[in-house]
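What follows draws every value from the coordinates through simple rules; no lab data is involved. The structure displayed is predicted, hence computed values, not measured ones. So basically every Cβ, Gly included, is an ideal-geometry build from the backbone, and we count neighbours across all protein chains shown.
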There are 2 protein chains.
Amino acid sequence: MEKENRILLGHGSGGKLMHELIENVFVRLFSNSILDAQTDSAILHTGSSDIAFTTDSFVIDPLFFPGGNIGKLAVCGTVNDLAVSGAEPLFLSVSFIIEEGFPIDELEIIAESLAAEAKNAGVTIVTGDTKVVNKGKCDKLFINTSGIGRITSDKLKIGSADGIIPGDVIIINGTIGDHGMAVFNSRESFNFKIPVESDCASLNHLIREVTEKFPVKFMRDPTRGGVATVLNELAVKAGLGIAIEESSLPVRKGVKAMCEILGFDPLHVANEGKVIMVAAKENATAILEILRNNDKGSESSIIGYITSDHPRRVVLRNETGGSRIIDTLSGDQLPRIC
Amino acid sequence: MEKENRILLGHGSGGKLMHELIENVFVRLFSNSILDAQTDSAILHTGSSDIAFTTDSFVIDPLFFPGGNIGKLAVCGTVNDLAVSGAEPLFLSVSFIIEEGFPIDELEIIAESLAAEAKNAGVTIVTGDTKVVNKGKCDKLFINTSGIGRITSDKLKIGSADGIIPGDVIIINGTIGDHGMAVFNSRESFNFKIPVESDCASLNHLIREVTEKFPVKFMRDPTRGGVATVLNELAVKAGLGIAIEESSLPVRKGVKAMCEILGFDPLHVANEGKVIMVAAKENATAILEILRNNDKGSESSIIGYITSDHPRRVVLRNETGGSRIIDTLSGDQLPRIC
């Protein structure tokens, strides 16, 4: 490949080369009136003085995986963090750290996915940054996205676990562990012949369909650390116990097989298109119906409930009547999964 | 050094180790009621529906340099991007990408500087993210900060160069090229025996002192690409020429010496505590007085003016009556300067 088609150090130096890269790739693909102004800061009208703000750096390896790539993921991750906080995602910043020598055509494919997913989710990319580091000083490409959403006063406490009582149900919008196993499977050294695809998706529209009709007491996206980590944090926050039914846990065959071979628990594996919702028992059926009518929630199910038994602990009950405590993972399971 | 004092892959995996790192280092040092909630998104009250939003990733090498470190820089850079847009900086996100094996005590020193500079600047760190990559997959530590500021309606157009006319003056709050040369000088292979210190500083308070008394028509911080790049962008935006007087350019002796030896033009060297302001001629003396009464502006000067001659070009006039065009840098000068 010719030198001209690769990222040079000069693409990050604030001069003409950087200006060209920004114009020819980022402004071309992300174009909107706010971004195109290319000022030091984007000037935004949020329509509210209550906003949600979040940030995430993506260092996933490999950059491309079944079901997505780092560009799509960088949008979904930040959009979902805003959406589970009860906010309507509006604006994103995108910051690239690129290794010298990275192919510009790959950068374009990633930026195209990023732009397409932003369009899907209905968010506008309003500001950005590009840095280039010498060959060997970063692994191909890292992306940071930060996001701003508008939040209405009735949703301000959705992350706090206030108002959760025994009997409330725990709902998830589909199968667990798909993202982690898809990424793991696309690493060269672990290429299982099992079709596993990441669930990487922006959930803001799905979440809104539910929250505009029914109160949701708590929401969280089970990414790094998986469902187990979210449920443990919730149990501690609420000061109550959580009981999960093993038979109700939706896990795809391929993911189950990989987890068995590798010794992973799907409850600890990362998801990128899932939301855990806690709602009052009387709303559960109606919420499930809304979720199941949406592509991103067709396999939704109730996986457990809040209990006054075993406060601050998550207990999994299996089909034979046995039970075991599900803890947060201690250290490392799968590095660079997002 | 013991293994326990270094960053492990598990510190980035969403489990207990990560939770401990966040609690023991980041929450301890950055603590405030919004951050401490540790929700997916920070819930913020901006007091205005007009906000400024900016992002920057910092990949500076080395991490520590005379006058600062990557932590201080990560605050100054984003605070200044907000301030030059006319906004009052309020909130920051901080996202770390850390190389496995990085010493935790160095991370603490950097996080302490970051916290101290945020306090100086009066901004609150409200949300964050931590990723760890395998040894050799990034160079020690990268930091992204994104920032939100409140902007009042009279300042919405400060980045647009609207209303600039021939005769307007160009002011800078002190010497140029200090940051770039300090960083360059602290790289092992180029250790000149010249004391040069980075100007790394948050300028929001200084800028506010000026803008609450006098209209400023344009502001920009001359970071990567230096003063020359900002002036060229301004000349194009305004469709006017810019004339700079060489004798008025404030350059420290050590910086001048280094630039001469290395063949750099101080006009192309990065600054991290400088702002270029364009103001009406009749306000120039009063603005200079305000700037000079502040520590961060004691060496402020008028470096040139807007002209209808040579539209869209920046021309430097020297003491002997000669002149030359100052262009934007084409490619690379000093990689990883910020």
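Along segment A:237-245 the Karplus relation, 6.51 cos²θ - 1.76 cosθ + 1.60 evaluated at θ = phi - 60°, assigns HN-Hα couplings of 4, 7, x, 10, x, 10, 10, 10, 9 Hz to successive residues, with x for each Gly and Pro.
Contact order for chain A, expressed relative to its length and based on alpha carbon pairs under 8 Å spaced 6+ residues apart, stands at 22 percent. If you wrap the tightest convex hull around every Cα atom of segment B:151-247 and split its volume per residue, you get 135 Å³.
Stokes-Einstein diffusion of the protein assembly as shown at 37 °C, 0.692 mPa s viscosity, Kirkwood radius from Cα pairs, rounded to a whole number: 127 µm²/s. Could you compute how fast segment B:62-123 diffuses translationally, taking Rh as the Kirkwood radius over C-alpha pairs and applying Stokes-Einstein at 4 °C with viscosity 1.567 mPa s? Give it in µm² per second. Translational diffusion coefficient: 104 µm²/s.
Under the combined filter of DSSP loop state and at most 15 neighbouring Cβ atoms within 10 Å, segment B:136-197 retains these chymotrypsin sites (Phe, Trp or Tyr not before Pro): B:PHE192. Computed with the Debye formula from one identical point scatterer per Cα of segment B:221-260, without solvent, the log10 of I(q)/I(0) at q = 0.14, 0.18, 0.26 Å⁻¹ comes to -0.40, -0.63, -1.00. Its residues counted as N, chain A yields a C-alpha radius of gyration over 2.2 N^0.38 Å of 1.04. The average projected area of segment A:179-223, computed from the convex hull of its Cα atoms over all directions, is 4.1 nm². Looking at segment A:1-52, the pairs of alpha carbons with a distance over 17 Å make up 53% of the total. For the peptide B:154-167, the mean number of other protein chain Cβ atoms found within 10 angstrom of a residue's Cβ is 1. Reported value for segment B:158-325: 109 Å³ per residue, from the convex hull of its C-alpha atoms.
Using the Karplus relation 6.51 cos²θ - 1.76 cosθ + 1.60 with θ = phi - 60°, the per-residue 3J(HN,Hα) values for segment B:108-120 come to 5, 4, 5, 5, 5, 4, 4, 5, 5, 5, 4, 5, 3 Hz, with x marking Gly and Pro.
Taking every residue in A:46-52 and counting other chain Cβ atoms within 10 Å of its Cβ, the average works out to 6.
Per-residue mean of foreign Cβ neighbours for B:56-64 is 4 (Cβ atoms of other chains, 10 Å radius). Applying the Karplus relation 6.51 cos²θ - 1.76 cosθ + 1.60 with θ = phi - 60° to segment B:246-254 yields 3J(HN,Hα) values of 4, 5, 8, 6, x, 9, 5, 3, x Hz, where x marks Gly and Pro. For segment A:39-155, the alpha carbon positions stretch 48, 34, 20 Å along the principal axes, listed from largest to smallest.
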